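The values are calculated or read from the model by the stated rules, or taken from the named source; none is laboratory data. Quick caveat, the model's predicted, so the values are computed rather than measured. Counting neighbours? That spans all protein chains shown, and the Cβs are built from the backbone with ideal geometry, glycine included.
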Amino acid sequence: METLAALFDEDVVWHIPGINPLAGDIHGRDALWRWFERLREVTDGTFRLEDHDVLATDDHVVALNVMSVLRDGVRISVNMANVMHFRDGRQQERWFHPSDLSAWDRLLGGPM
């Protein structure tokens, strides 16, 4: 967590879309660490992130990736575009844009 702390601003904000148990705005690094713990619990530790491409400037990063989990023996995968704002090398804010919001909700613990 110490290594990760160097990547995120203390007041980082994440915007998680959907109607799943992890949806909503996450404010602050401590809240983000709790969110990561909930992600581990909700996904039974099966969460995977595979980056396809990362586009960046000094202030912004767009990451194209696939996020997936294994639920009830079924792999759920969602193509993602993640937009991030950085200042002084630390992430300030992040917006998640799933290609399929229904699958995203199932991935993060919503109804199957």
Exactly one of PHE47, PHE8 is within 19 Å of GLY89 (Cα to Cα) and within 16 Å of the chain's Cα centre (by Cα), and that residue is PHE8
What are the residue pairs meeting all of these: first residue in region 39-65, first residue under 18 Å from LEU108 (Cβ atoms) and surrounded by 12 or more Cβ atoms within 10 Å (Cβ to Cβ), second residue among the hydroxyl-bearing types (Ser, Thr, Tyr) and at pLDDT 95 or above, Cβ atoms under 7 Å, and 6 or more apart or on different chains?
ARG48/SER68
Breaking point among (1) small (Gly, Ala, Ser); (2) closer than 15 Å to TRP104 by Cβ; (3) at pLDDT below 95, for ALA81
(3)
Has region 24-35 got at least one residue that is modelled with pLDDT under 95 and either farther than 20 Å from LEU107 by Cα or not β-branched (Val, Ile, Thr) (or both)?
no
Looking at GLY18, is it without any contact (Cβ under 8 Å) to a residue 12 or more places away in the chain and not aromatic (Phe, Trp, Tyr)?
no
Residues that are within 24 Å of SER102 (Cα to Cα), surrounded by 12 or more Cβ atoms within 10 Å (Cβ to Cβ) and not aromatic (Phe, Trp, Tyr), drawn from region 1-26:
VAL13, HIS15, ILE16, PRO17, GLY18, ILE19, ASN20, PRO21, LEU22, ALA23, GLY24, ILE26
